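Report on one structure; see the data block that follows.
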Amino acid sequence: MTRMMLAALAMLVALGSGATAQSPPPAAPALKASVTVAGDVVRIGDLVDNAGPVADVPIFRTPDLGTTGAVSTDRILAAIRPHQLIGIDTRGLAEVMVTRASRTITAREISGRIAEALAGQYGFGDARNILINFSGDVRTLQVEPNLTGELQVLALSYDPRTTRFDVTFGLQASAGLRRQPARYTGTATETIDAVTVDRPVERGELLNASDLTVVRRPKAEAGAVLTDMSAAAGLAARHALRPGQPLAAGDLMKPEIVQRNDTVTIIYQAPGLLLTLRGQAQEAGALGDTINVLNVESKRTMQAVIAGPDRVAVGPVTTRLVDNATERSE
């Protein structure tokens, strides 16, 4: 091989080695359309992809916990310019949306925490039976996303006479709640289950289990309202009932099986004697009720006990007839 050929070969090897070692150009910095930030400052790298060595430089404060703010592109570029990051691709964006990450504590969670704080105190029982009503609307509480503990009671007062409470909450390691603890006021009442209808019911209408539901009512009403649906199912409405209205024993009655002006059979039975007469009910009634009945033949009115559908009994056998009718109906 000649000296000239060797020189050419060496040049080719050098050129090949240089091409292999050459790295692709770095990606250009580009603006993001939206970002979520966990801390209390926004850094260049939060807003710009491929920010390089200046990615960790803080330039803005973040919005409040759990909120989102818009930062104009012009303002972002102006804040970055002193840090020598040039050639930023804005991607045609007029602004960037910045969200501050947070952990949300809902009104329901706050209510439950207040009930837990009151449980076992001031005559209250189980927390699940305490109904909390706030003074005004309650906004959700936003705390730092990495905090997982429950709200801590810093101060609590309760007036059993007015049922009003005043509670202040904090949360360990929460800078926001250290600056401004969360304070709530309202009323707290211990409740019980109360049976009500879930649809309008007219007088005399029979109640089935599917017509009933349970609502929470103040414990002070415990002696008046029904707390067990089985105590209402199968009975009839003594008057019109409306949904949400707690039922008391006086609101219900046994179903009326005889209506006013119904034709009934009057039964009189004594030892060795059984008489049946045709009568007319002068009023409505349920099994076992005593009503006035007109003897159609004599035109006399007598009192009789309802012994079954279209049957009433008079005389010493009345009780046995009614008991037998009850057994058959069961």
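A few comments on the model shown:
- Output for the stretch 76-108, where each listed residue is loosely packed, with under 14 Cβ neighbours inside 10 Å and charged (D, E, K, R): Arg81, Arg91, Arg108
- Note on the stretch 176-223: residues that are under 24 Å from the mean Cα position of the chain (by Cα), within 29 Å of Ala107 (Cα to Cα) and of a type in the set (D, E, K, R) amount to 8.
- Only one of Val42, Val54, Val48, Val35 that is at pLDDT 90 or above, in contact with an Asp or Glu (Cβ under 6 Å, 6 or more places away or on another chain) and within 29 Å of Gly176 (Cα to Cα): Val35
- Pick from the stretch 185-220, criterion among the charged types (D, E, K, R) and part of a helix (DSSP H, G or I), ranking: nearest to Pro243 (Cα to Cα): Asp211
Every residue, every condition in (1) over 22 Å from Gln180 (Cα atoms); (2) modelled with pLDDT of 90 or more; (3) of a type in the set (Lys, Arg), yes or no:
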| site | (1), (2), (3) |
| --- | --- |
| Leu85 | yes, yes, no |
| Arg91 | yes, yes, yes |
| Met97 | yes, yes, no |
| Ile105 | no, yes, no |
| Arg113 | no, yes, yes |
| Ala117 | no, yes, no |
| Ile130 | yes, yes, no |
| Asp137 | no, no, no |
| Glu144 | no, yes, no |
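- The C-beta contact set for the stretch 188-213 (first residue closer than 29 Å to Thr162 by Cβ and in the same structural domain as Ser135 (by TED's automatic domain parsing), second residue surrounded by fewer than 19 Cβ atoms within 10 Å (Cβ to Cβ) and among the acidic types (Asp, Glu), distance under 6 angstrom, 6+ apart or interchain) is empty.
- Test: residue in the stretch 192-208 that is over 30 Å from Ile257 (Cβ atoms) and in contact with a helix residue (DSSP H, G or I) (Cβ under 8 Å, 6 or more places away or on another chain): yes
The values are calculated or read from the model by the stated rules, or taken from the named source; none is laboratory data. Because the structure is a prediction, the values reported are computed rather than measured. Because the Cβ atoms are built from the backbone with ideal geometry, glycine has one as well, and the counts that use them run over all protein chains shown.
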